[in-house]
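Right, one structure below, let's go through it.
Just so it is clear, none of the values below were taken in a lab; they were calculated from the coordinates. In this text, all values refer to a predicted model and were calculated from it rather than measured experimentally. Cβ sites come from the backbone with ideal geometry, for glycine too, and all protein chains shown count toward neighbours.
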Amino acid sequence: MLLEYTVFGASIRAIGGNREAAQNMGINVRRVSLVIYTLSGMSAGFAGMLMSARLGFGEPSLGQGMEFQVISAVIIGGTSLFGSIGSIGGTVLGAMVLNVLAYGLILLRINPVLQLVIVGCIIQLAVAFDQLRRKRMFQSARQQES
């Protein structure tokens, strides 16, 4: 909701799409970036507090190695690798799909290395779909200009 219906959200999307163009539009890129990084850090701190409350102790290396899963969930959720396209709801849906897939592969007793290969293939499909979507979007924009 914040990203879609506010000026601040439009600024974030503009910076994600093209930083230099956003600055030329009059967006204070430095200030918006500072706010976004601050919110990101606060969210990470809050998640760390929740995890330590759940486990009863703090472990600094607990989330290590989760980067691939996070990026996978975001890409499967429809966020473009090239910026400016995506939603939080899509990311949540991507995380759910990834977890269902992971648990399904575990229940089928698929080799863990093969599980990573399967997830990698799904990511490739998501990126290919994103490329097709962007190509169609730019073609329709060119046709409207004509």
Relative to the longest principal axis of the C-alpha atoms of the chain, give the angle of the C-alpha long axis of helix 67-76, reported between 0 and 90° and rounded to the nearest 10°.
50
Let a ≥ b ≥ c be the square roots of the eigenvalues of the Cα gyration tensor of the stretch 1-62; is it rounded (a/c under 1.5), or, if not, prolate (a/b larger than b/c) or oblate?
prolate
Could you work out the relative contact order of the stretch 1-62, using alpha carbon pairs under 8 angstrom and six or more residues apart, expressed as a whole percent?
17
For the chain, calculate the relative contact order in percent as a whole number, restricting contacts to Cα pairs under 8 Å that are 6 or more residues apart.
17
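Count neighbours as other Cβ atoms within 10 Å of each site's Cβ, and list the chymotrypsin sites (Phe, Trp or Tyr not before Pro) in the stretch 45-146 that are DSSP loop with at most 13 such neighbours.
Phe57, Phe82
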If you fit an axis through the alpha-carbon atoms of helix 88-107 and take the longest principal axis of the Cα set of the chain, what angle between them do you get, 0 to 90°, nearest 10?
30
For the stretch 10-18, Karplus couplings with θ = phi - 60° (6.51, -1.76, 1.60), whole Hz, Gly/Pro x
5, 5, 4, 5, 5, 5, x, x, 7
Mind listing the long-range amide H neighbours of Ile85? Cut-off is under 5 Å, sequence gap 5 or more, other chains count too, H placed in the peptide plane at 1.01 Å from N.
Ser80
Span from the the stretch 66-86 Cα centroid across to the the stretch 104-146 one, whole angstrom:
10
Kindly express, to the nearest 10 degrees and within the range 0 to 90, the angle between helix 29-55's C-alpha long axis and the longest C-alpha principal axis of the chain.
20
Given the DSSP H assignment, sum -39500 (n - 2.57) over each helix run of at least 4 residues in the chain and divide by its residue total; what's the result at 222 nm in deg cm²/dmol, nearest 500?
-25500 deg cm²/dmol
Residues of the stretch 65-92 with backbone nitrogen within less than 11 Å of a virtual label 7 Å along the Cα-to-Cβ line of Val127, please, listed as ranges.
81-82
Tell me, in nm to one decimal, what length is gained between Val92 and Phe68 on full extension, where the rule is 0.36 nm per residue of separation less the Cα-Cα distance?
7.1 nm
